[in-house]
């Protein structure tokens, strides 16, 4: 069975989460140049080869933005929280008003600049 496109996943979200998902796709595409979002374990993830870098997953009232190496970067905002296993960090976003594009881009650039773990 073929995986659905990221755009189909986002289009299937109810508002206001659809708007959050659409904006996150734009930000992740801009911040992770040369990588494309793919569906991985049921949600959109931007990969570096076979290694996940960032992605998001929608829940009933928010979208979780995940950075697989997020615990390894500086976060002066305090919005990133340790999540899952390894070095993952995440933040919850309920509306686009909660989504600070410049902050997310700074996290993406910081993660992208990390030496291999």
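See the values below:
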quantity	calculated
The stretch 54-69, subset more than 14 Å from residue 13 (Cβ to Cβ) and surrounded by fewer than 23 Cβ atoms within 10 Å (Cβ to Cβ), residue farthest from the chain's Cα centre (by Cα)	69
Per-region count, the stretch 8-21, residues part of a helix (DSSP H, G or I) and either touching a helix residue (DSSP H, G or I) at 6+ places or on another chain (Cβ under 8 Å) or farther than 13 Å from residue 43 by Cα (or both)	8
The stretch 104-117, residues that are without any contact (Cβ under 8 Å) to a residue 40 or more places away in the chain and either under 25 Å from residue 14 (Cβ atoms) or more than 14 Å from the chain's Cα centre (by Cα) (or both)	113, 115, 116
Verdict on residue 35 being in contact with a strand residue (DSSP E or B) (Cβ under 6 Å, 6 or more places away or on another chain), at pLDDT 95 or above and in a loop (DSSP other than H, G, I, E, B)	no
Those residues of the stretch 76-112 which are under 24 Å from residue 34 (Cβ atoms), touching a strand residue (DSSP E or B) at 6+ places or on another chain (Cβ under 9 Å), assigned to a loop (DSSP other than H, G, I, E, B) and at pLDDT below 95, in sequence order	87
Residues within the stretch 30-46 that are surrounded by fewer than 16 Cβ atoms within 10 Å (Cβ to Cβ) and either in contact with a helix residue (DSSP H, G or I) (Cβ under 7 Å, 6 or more places away or on another chain) or touching a residue at least 12 places away in the same chain (Cβ under 8 Å) (or both), tallied	4
Identity of the residue in the stretch 61-75, in a loop (DSSP other than H, G, I, E, B) and touching a strand residue (DSSP E or B) at 6+ places or on another chain (Cβ under 6 Å), that ends up nearest to residue 31 (Cα to Cα)	68
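The values are calculated or read from the model by the stated rules, or taken from the named source; none is laboratory data. The shown structure was predicted, so the numbers you read here are calculated from the model rather than taken from an experiment. Positions of Cβ are generated from backbone atoms using ideal geometry, with glycine treated the same way; all protein chains shown enter the neighbour counts.
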